[in-house]
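Student: To start, I am sharing the structure in question, which I have written as structure tokens.
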Amino acid sequence: MIQEAWIWGLVGGLLIGSAAALFLLVNGRIMGASGILGGLVDGSAKGTSAEKIAFIAGLVIVPAVIALAMGGVKTNITSNPIVIIAAGLLVGVGTRLANGCTSGHGVCGISRLSLRGIVATVFYLLGGGLMMVFFRHVLGVI
Amino acid sequence: MKRSFFAFLSGAMFGVGLLISGMVDTTKVQGWLDVFGNWDPTLAFVLGGAILPMAIAWRVAARRRVAVLGDPLPMASSPAHPDANIVIGSVLFGMGWGLAGLCPGPAMASATFGGWGGLLFLVAMAAGMYVAPPIRRKIEIRSTQLKEI
């Protein structure tokens with residue numbers, strides 16, 4: 001069961017990387033989820049907004065169809081609205097300050113050995129790890 | 001039109017990859033970040049698997065000047081250095097990622113099946129993105145002032 005999860009992780013990862021490779025080599029863009037959405041939200045997308053909207057449409061619609069065919073996919077998200085709002089705000093502000101998230105800095109940055117991408121990845125893993133220690137093991141709320 | 005078609009295709013592949021790899025499952029993501037608990041290493045395989053085709057793509061990009069649709073390609077080796085915004089922003093992002101187990105890609109991919117919790121997260125995330133630019137500028141000004149001292 002656990003080994004199976006690793007294989008699915010690897011296959012899914014290869015697909016994610018292929019998506020990023022396609023976006024780079026065909027469209028000439030870096031596939032960063034936070035940059036694509038953030039550019040539309042803060043109005044900085046300008047001439048690239050059609051492409052960004054198309055990317056998000058693919059990202060939302062195709063998983064929706066698959067989830068429907070599979071009879072639903074569980075995300076197991078917490079039911080605590082305060083935790084959800086705090087987490088969403090942190091992710092939104094943080095990714096836009098850092099100019100990237102797991103896809104932009106993690107996948108696209110590390111693969112070109114970008115120091116910014118590597119530093120970002122170290123610090124968001126550190127931030128996430130510390131939250132798990134504090135909120136799961138000390139406070140026991142997540 | 002062509003640009004939008006390939007952007008849609010890329011988004012679709014990204015979404016399917018996130019679905020297959022289990023990145024939309026918040027317990028799995030939190031399990032990966034929970035190094036001192038019941039650690040789940042799956043995400044290392046996801047990240048490793050994703051970096052592989054992208055590393056090849058950067059090699060190809062280094063040999064071409066323009067992308068297939070004619071746009072200039074981003075440089076294969078990034079000249080920019082990390083700054084205060086990278087560090088502060090990434091720590092904040094990581095904290096949010098750990099709290100809910102969602103990062104921007106999976107949050108969007110699960111928009112239709114993540115329930116009210118997933119939608120609330122998306123709204124809060126978009127609000128965070130909306131207020132970020134002036135904060136980013138402030139941090140930039142502060143950190144250059146500090147360097148000049």
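Nothing in this text is a laboratory measurement; each read-out follows from the coordinates by a stated rule. All values reported here derive from a predicted model rather than from experimental measurement. Cβ placement follows ideal geometry from the backbone for every residue including glycine, while neighbour counts extend to all protein chains displayed.
Student: Can you tell me which of B:Gly115, B:Gly94, B:Gly31 moves the most in a GNM of chain B? Springs connect C-alpha atoms under 10 Å apart.
Tutor: B:Gly115
Student: Okay, next question. With a cap of 13 neighbouring Cβ atoms within 10 Å, and only residues DSSP puts in a loop, list the chymotrypsin sites (Phe, Trp or Tyr not before Pro) found in segment B:1-42.
Tutor: Answer in residue order: B:Phe36, B:Trp39.
Student: While we're here: Under a GNM of chain A (C-alpha, springs under 10 Å), which listed residue has the highest mean-square fluctuation: A:Gly72, A:Gly39, A:Gly92?
Tutor: Maximum among the listed residues: A:Gly72.
Student: May I pose another question? Which of A:Thr95, A:Thr78, A:Thr121 moves most in a GNM of chain A, Cα contacts under 10 Å?
Tutor: Among A:Thr95, A:Thr78, A:Thr121, the largest mean-square fluctuation in the Gaussian network model of chain A belongs to A:Thr78.
Student: If I require 18 Å or longer along the helix axis, counting alpha carbons, and a Kyte-Doolittle average no lower than -0.5, what helices from chain B are left? Use full DSSP H segments.
Tutor: B:2-21, B:42-63, B:84-100, B:115-148
Student: Can you tell me the relative contact order of chain B? Whole percent, Cα pairs under 8 Å, sequence separation 6 or more.
Tutor: Rounded, it is 26 percent for chain B.
Student: Here's something else I'd like to know. One-quarter of the Cα convex hull surface for chain B, in nm²?
Tutor: Over every viewing direction, the Cα hull of chain B projects on average to 12.1 nm².
Student: Another question, if that's okay. I need the helices of chain A that pass two filters: whole DSSP H segments spanning 18 Å or more by Cα along the axis, and mean Kyte-Doolittle score no lower than 1.6.
Tutor: Qualifying helices, which must be both long enough and hydrophobic enough, are A:49-69, A:81-98.
Student: Relative contact order for segment A:78-142 using alpha-carbon pairs under 8 Å, separation at least 6, rounded to a whole percent?
Tutor: 20
Student: Right, next: Set the bar at 31 Å for Cα to Cα. Now go through A:Lys52/B:Lys138; A:Lys46/B:Lys138; B:Lys2/B:Lys138 and name every pair that lies beyond it.
Tutor: Result: B:Lys2/B:Lys138 exceed 31 Å.
Student: Once the Cα gyration tensor of the protein assembly as shown is diagonalised, what are the square roots of 5 times its eigenvalues, in whole Å and ordered largest first, as equivalent ellipsoid semi-axes?
Tutor: Ellipsoid half-lengths, sorted descending, are 26, 24, 19 Å.
Student: Right, next: Taking every Cα atom in segment B:1-79, find the radius of gyration and the maximum pairwise distance Dmax, and write them in Å.
Tutor: In Å, with Rg to one decimal and Dmax whole: 16.5, 49.
Student: Could you give me the radius of gyration and the Dmax of segment A:78-142, taking only the C-alpha atoms into account and expressing both in angstrom?
Tutor: Over segment A:78-142's Cα set, Rg and Dmax evaluate to 13.5, 39 Å.
Student: Compute the Cα gyration tensor for segment B:81-149, then decide on rounded, prolate or oblate, letting a ≥ b ≥ c be the square roots of its eigenvalues: rounded whenever a/c is under 1.5, prolate when a/b is larger than b/c in the other cases, and oblate in all that remain.
Tutor: Prolate shape, in that a/c is at least 1.5 and a/b is the bigger ratio.
Student: Now for a different question. Amide H neighbours of A:Ile142 under 5 Å, counting only residues 5+ apart in sequence or on other chains, H built in-plane at 1.01 Å?
Tutor: Distant-sequence amide H within range of A:Ile142: A:Arg136.
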